[in-house]
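The structure under discussion appears below in the form of structure tokens.
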Amino acid sequence: MHGIRQIGRIATATVFLLLAMAAHAATDRLVITGSSTIAPLAAEMAKRFEKQNPGIRIDVQSGGSSRGVADARSGLADIGMASRSLKDGEKDLTPHTIAMDGVGIILHKSNSIGALSDEQIKAIYRGQIKNWKEVGGKDLPVTVVNKAEGRSTLELFLHYTGLKNSEIRAQMVIGDNEQGIKSVAANPGAIGYVSIGTAEYDENHGTLIKLIPLHGVAATVANVKDGKFPLSRPLNLVTRGVPAGLAKRFVDFAKSGAVNDLVQAQFFVPLAH
Amino acid sequence: MIWSRPSFLSRWPTDRWLAPGLGVAAAGAGLILLLVLVFLLREAAPLLGSHAAIGFLLDAGWYPLEGQFGMLPMVVASLAAALGALLLAAPLGIVSAIFLNFSAPPGVAHLYRMIVALLAGIPSVVFGLWGLTVLVPLIARWQPPGASLLAAILILALMILPTVALTSASALAAVPKSLLHGAAALGLTQQGTILRVALPAARGGIINGVLLAGARALGETMAVLMVAGNVVQYPGGLLDPVRVLTANIALEMAYASGAHRAGLFASGLLLTLAVMLLAWLAIRASHGGRHD
């Protein structure tokens with residue numbers, strides 16, 4: 001019986017401690033909402049920030065870039081997330097670019113095609129071009145590799161090409177970037193698109209793929225970082241005016257080199273040195 | 001005899017708690033199944049309750065972000081892949097079980113059993129990796145794109161073969177020796193003994209194993225996701241890429257929200273019901289076998 005009473009005492013103390021912590025945390029709370037592309041990255045950053053600053057709680061909710069902009073403007077969120085540049089009508093908000101997202105078109109290494117125009121890429125993904133000889137390559141059927149619904153890479157690719165996902169006639173649908181790279185490397189007639197960071201690394205380490213340039217701009221991490229590569233976009237945290245207090249501390253943290261590994265783990269391109 | 005007494009009459013206080021304790025634990029295990037079903041239903045409810053109540057079976061395609069939730073092609077693909085794998089694995093597994101029980105010298109049988117058991121223990125993702133890097137390019141060289149229903153069937157057959165072989169082997173081993181001795185006494189050939197006596201007697205256990213293997217094939221995710229191509233369409237032939245229900249969930253769940261998410265839960269519900277149906281059939285089959 002003595003033991004049970006002691007357990008009861010410990011449990012009571014724990015509950016009080018938790019309550020005290022919750023009450024404390026409520027005062028140091030940051031709400032971040034917006035783009036589902038950035039949300040996983042922001043959540044990782046938030047986790048690390050919380051660990052380094054005990055007592056602070058950061059709540060990351062996804063719901064699209066438009067929600068991020070709207071929430072930051074209305075004050076529902078301290079920080080919004082937008083996976084695009086701000087439009088002209090949104091100049092009342094301040095963007096803080098934390099990373100770049102770039103998508104590169106990849107072919108099998110043995111494919112003789114050196115570059116494709118936007119029109120050719122569209123025709124291939126619509127299923128109108130079925131053989132590489134139609135664009136000046138070898139007599140080899142095209143295998144179109146598409147991304148599964150909901151992925152930000154797919155969203156960026158659709159936005160760039162102006163295609164709808166239901167228009168695409170794919171022979172293969174893949175999930176993550178590595179699976180896409182392995183699928184293309186295993187099939188001489190394949191074409192796919194993946195995050196540039198992953199593809200560039202694999203290409204340089206002997207995987208049988210090649211990134212092709214778009215509009216004459218080589219698909220490299222450096223060109224994505226500069227914003228020169230056409231199939232890329234900035235990942236922004238947006239605030240109303242200049243951030244202050246906790247929001248400023250988190251924005252500075254997210255832009256610093258201390259989170260580069262987190263940015264790369266999500267296959268984005270970090271900007272800080 | 002004290003053990004057969006109801007435990008609440010027992011002299012020991014621990015025994016008094018044993019029966020209710022065991023009951024609670026058992027009820028918990030049963031309750032989990034119920035909770036899973038309730039959870040799936042609740043999460044899928046937004047879709048099931050909306051206009052798409054039947055649409056999620058009949059829509060033209062699976063484009064959840066464009067409001068189309070046609071799941072029937074994936075149901076068909078799941079069934080086709082599992083059935084194809086069973087057609088390959090069941091005969092092979094049963095034949096190897098017969099070999100194990102009737103023909104193999106003890107040393108070989110022991111080694112063989114060990115190899116099959118090891119095969120059963122290989123993680124599915126390893127099969128998938130092998131399929132992606134060896135099998136799919138091999139098929140692609142013959143008939144691109146390579147990632148296809150055929151690749152899925154071959155990988156699944158490899159994965160469920162040990163299940164079929166081991167369950168069939170133990171079903172055959174459980175055939176009463178008196179039956180076999182009787183067959184021998186009647187002067188039956190070994191072929192006659194196996195085909196006319198042992199296999200019919202072990203039928204329930206074998207069917208049970210085949211159905212369980214089928215359930216495993218239906219539920220397998222990672223390996224199929226890596227080799228099947230994952231294009232949502234009715235399989236027109238063995239070389240067409242297909243997407244199975246499990247792969248659909250694994251591919252899209254991490255990035256789904258709203259109706260899209262509900263759609264994925266609906267496909268999970270469909271899959272659970274299919275597997276439960278198979279399990280129920282398996283239980284019935286094994287009961288039938290015991291009473292024969």
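The values are calculated or read from the model by the stated rules, or taken from the named source; none is laboratory data. Only a predicted model underlies this, so the values are computations on that prediction, with no experimental measurement involved. Glycine gets a Cβ as well: all are built from the backbone with ideal geometry, and neighbour counts include every protein chain shown. Surface areas here come from the heavy atoms of the whole protein model, side chains and all, with no ligands, DNA or RNA. Shrake-Rupley method; radii C 1.70, N 1.55, O 1.52, S 1.80 Å.
Computed quantities for the displayed model
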quantity	calculated
Residues satisfying the stated conditions in region B:264-278, i.e. open to solvent by 40 Å² or more (accessible area, probe 1.4 Å), in contact (Cβ under 8 Å) with a residue 12 or more places away in the chain and over 30 Å from A:S152 (Cβ atoms)	B:V275
Selected residue (only one of A:G104, A:G114, A:G136 is over 26 Å from the mean Cα position of the chain (by Cα) and under 29 Å from A:P270 (Cα atoms))	A:G114
Matching residues, region A:158-178, being within 18 Å of the chain's Cα centre (by Cα) and surrounded by 22 or more Cβ atoms within 10 Å (Cβ to Cβ)	A:I174, A:N177
Residues within region A:40-56 that are open to solvent by 60 Å² or more (accessible area, probe 1.4 Å) and within 28 Å of A:E90 (Cα to Cα), tallied	1
Filter result for A:G68 (closer than 23 Å to A:F268 by Cα and in contact with a Ser or Thr (Cβ under 6 Å, 6 or more places away or on another chain))	yes
Region A:167-224, residues that are in contact with a helix residue (DSSP H, G or I) (Cβ under 7 Å, 6 or more places away or on another chain) and aromatic (F, W, Y)	A:Y193
Odd one out for B:P137, checked against (1) open to solvent by less than 40 Å² (accessible area, probe 1.4 Å); (2) free of Cβ contacts under 8 Å to residues at least 60 places away in the same chain; (3) more than 14 Å from chain A (Cβ to nearest Cβ)	(3)
Region B:241-263 - residue that is within 17 Å of B:R42 (Cβ to Cβ) and free of Cβ contacts under 8 Å to residues at least 60 places away in the same chain and, of those, farthest from the chain's Cα centre (by Cα)	B:S257
Scan of region A:69-89 for residues that are open to solvent by less than 20 Å² (accessible area, probe 1.4 Å) and either out of contact with any helix residue (DSSP H, G or I) (no Cβ under 9 Å at 6 or more places or on another chain) or away from chain B (no Cβ under 14 Å) (or both), ordered by number	A:V69, A:D71, A:A72, A:A77, A:I79, A:G80, A:M81, A:A82
Residue identified as more than 22 Å from B:M276 (Cα to Cα), more than 14 Å from chain A (Cβ to nearest Cβ), without any contact (Cβ under 8 Å) to a residue 12 or more places away in the chain and not β-branched (V, I, T) among B:L188, B:L180	B:L188
Options B:L86, B:L118; residue that is over 22 Å from B:M276 (Cα atoms) and not β-branched (V, I, T)	B:L118
Region A:71-105, residues that are assigned to a helix (DSSP H, G or I), of a type outside the set (S, T, N, Q) and within 19 Å of A:K248 (Cα to Cα)	A:D71, A:A72, A:R73
Test for B:N230: is it in contact (Cβ under 8 Å) with a residue 60 or more places away in the chain, within 20 Å of A:L154 (Cβ to Cβ) and not hydroxyl-bearing (S, T, Y)	yes
Filter result for B:I153 (in contact with a Lys or Arg (Cβ under 6 Å, 6 or more places away or on another chain) and buried (at least 17 other Cβ atoms within 10 Å of the Cβ))	no
Positions within region A:126-155 being closer than 24 Å to B:L65 by Cβ, in a helix (DSSP H, G or I) and more than 13 Å from chain B (Cβ to nearest Cβ), in sequence order	A:R126
Meets criteria (of a type in the set (S, T, Y), open to solvent by 60 Å² or more (accessible area, probe 1.4 Å) and more than 30 Å from A:Y193 (Cβ to Cβ)) for A:S66	no
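Residues checked against (1) touching a helix residue (DSSP H, G or I) at 6+ places or on another chain (Cβ under 6 Å); (2) under 30 Å from A:R151 (Cβ atoms); (3) surrounded by fewer than 16 Cβ atoms within 10 Å (Cβ to Cβ):
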site	(1), (2), (3)
B:F69	yes, yes, no
B:V75	no, yes, no
B:L83	no, no, yes
B:A90	yes, no, no
B:S96	yes, no, no
B:F99	no, no, yes
B:A109	yes, no, no
B:M114	no, no, yes
